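The values are calculated or read from the model by the stated rules, or taken from the named source; none is laboratory data. Just so you know, these numbers come straight off a predicted model, no measurement behind them. A quick note on method: Cβ atoms are made from the backbone with ideal geometry, for glycine too, and the neighbour counts reach across all protein chains shown. When the accessible area is computed, the model is the full protein with side chains, heavy atoms only, and any ligands, DNA or RNA have been set aside. Shrake-Rupley method; radii C 1.70, N 1.55, O 1.52, S 1.80 Å.
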Amino acid sequence: MPNRTPLTRFLIEAERAGQINPELRLLIEVVARACKSISYAISKGALGGVLGDAGASNVQGEAQKKLDVLSNEILLEANAWGGHLAGIASEEMDEPHPIPDAYPKGNFLLLFDPLDGSSNIDVNVSVGTIFSVLRCPDGVTTPETSHFLQPGSQQVCAGYTVYGPSTVLVLTVGHGTHTFTLDRETGSFILTQRDLRIPADAQEYAINASNARHWDAPVRRYIDDLLAGKAGPRGKDFNTRWVASMVADVHRIMTRGGTFMYPVDAKCRDKGGRLRLLYEANPMAFLVEQAGGAASTGTQRMLDVVPTGLHMRIPVILGSKNEVAEYERYLREG
Ligand code: AHG
Ligand code: MN
Ligand code: MN
């Protein structure tokens, strides 16, 4: 198969084009390898004894699944010794995780949601991993929380994997967004779509409608107008899709357009929103923008938000550019 481009070749070519340096190339290879291990663990399902609760809670107060813990450990172990990182932060860990003293330190900070959509694991529905890469500030060898609090516009790389019918890796280093599919026979991620483009207009939207009674008035008005379809003020019909794994919902948008929303509502207002800025919203925002879409809090470009905490939460709307602008207009008009 002469035309196949494995991830390794894609990254070497990106390095030759001056888009990444060797250290970032190694980092991406290591993360992809860890995601491969997670994919294999997940695919064993009940046979691997990996389903069910871990019997503990994370810093967010959420019950951890066995696979949340295992995926976190796989990513930590894979990234400890390569010399490419100065520090790691994860949804599953309260504080940043230092690189052990036994190993050299690199110049990057890695942040991840090791397993997104945990509520779907036990019912055999798609889950994923989301990651973001920042530069460690100059002169810092032992990064603290404050060093991770950089706006998303500072990301040098972001990606996610979806563990679905096939395992796909979607990646950006700031030069477009590209999809790779795991070939289980060779163990390589193969480039299957270069330069994804999200259609500017949406026909579909994703929102957890069971929260409708908690929504603010502008969000309710916006969704009501989508539901009114052709006969309503929007003059066209929309379809709803909601997987409840952000990775799967975002991947559908990457593939055929649409929007994904998780607004702040009365239920989560005290926390600032449902989704986490640094390892959920920001990497997705970078990937979506690089594919020609838009990502916003509803009132501000996501990538401009200055983080105030490692696990800070934020309202999210992302996807087809024109529809994100439309949502922002409803919020502006109040
Ligand atoms: P995680 O499994 O990493 O905690 O993230 C789950 C997120 C996201 O994937 C999804 O869109 C959202 O939580 C669903 O939450 P609700 O079921 O509470 O609406
Ligand atoms: Mn998540
Ligand atoms: Mn998670």
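Name the single residue that is farthest from C35 (Cα to Cα) among those in segment 72-125 being away from ligand 1 (no atom under 16 Å from the Cβ) and of a type in the set (G, A, S). That would be A102. Test G128 against the stated conditions and say whether it is in contact (Cβ under 8 Å) with a residue 40 or more places away in the chain, surrounded by fewer than 24 Cβ atoms within 10 Å (Cβ to Cβ) and closer than 30 Å to L51 by Cβ. Here the answer is no, as G128 does not meet what is asked. Within segment 317-330, does at least one residue satisfy the condition of being part of a strand (DSSP E or B) and more than 16 Å from ligand 1 (Cβ to nearest atom)? No, segment 317-330 contains no residue that is part of a strand (DSSP E or B) and more than 16 Å from ligand 1 (Cβ to nearest atom). Under 8 Å by Cβ, and 6 or more places apart or on different chains, what pairs join a residue from segment 245-256 that is surrounded by fewer than 24 Cβ atoms within 10 Å (Cβ to Cβ) with one that is among the basic types (K, R)? So the pair list comes out as R252/R241. Checking each residue in segment 182-202 for being surrounded by 15 or more Cβ atoms within 10 Å (Cβ to Cβ), assigned to a loop (DSSP other than H, G, I, E, B) and within 20 Å of the chain's Cα centre (by Cα) picks out L196, I198, P199. The set of residues in segment 269-284 being open to solvent by less than 30 Å² (accessible area, probe 1.4 Å), within 14 Å of ligand 2 (Cβ to nearest atom) and not aromatic (F, W, Y) consists of G273, L275, R276, L277, L278, E280, A281, N282, P283, M284. Condition check: under 28 Å from I130 (Cα atoms), surrounded by 14 or more Cβ atoms within 10 Å (Cβ to Cβ) and within 16 Å of ligand 2 (Cβ to nearest atom). Does W215 satisfy that? It is false that W215 is under 28 Å from I130 (Cα atoms), surrounded by 14 or more Cβ atoms within 10 Å (Cβ to Cβ) and within 16 Å of ligand 2 (Cβ to nearest atom).
A single member of A248, A244 is under 14 Å from the mean Cα position of the chain (by Cα) and in a loop (DSSP other than H, G, I, E, B), and it is A244. Count of segment 35-58 residues, restricted to those that are assigned to a strand (DSSP E or B) and open to solvent by 70 Å² or more (accessible area, probe 1.4 Å), is 3. Number of residues in segment 163-177 that are open to solvent by 10 Å² or more (accessible area, probe 1.4 Å) and either part of a strand (DSSP E or B) or without any contact (Cβ under 8 Å) to a residue 40 or more places away in the chain (or both) equals 4. For the structure I just gave you, tell me whether S146 is open to solvent by 20 Å² or more (accessible area, probe 1.4 Å), more than 15 Å from ligand 1 (Cβ to nearest atom), at pLDDT 95 or above and over 24 Å from R252 (Cα atoms). Yes.
Within segment 95-125, the only residue that satisfies the criterion of being within 16 Å of ligand 3 (Cβ to nearest atom), part of a loop (DSSP other than H, G, I, E, B) and not small (G, A, S) is V125.
In segment 4-34, the qualifying residues are those that are over 22 Å from the mean Cα position of the chain (by Cα), of a type in the set (K, R) and within 16 Å of L182 (Cα to Cα), and the one that is least open to solvent (accessible area, probe 1.4 Å) is R4.
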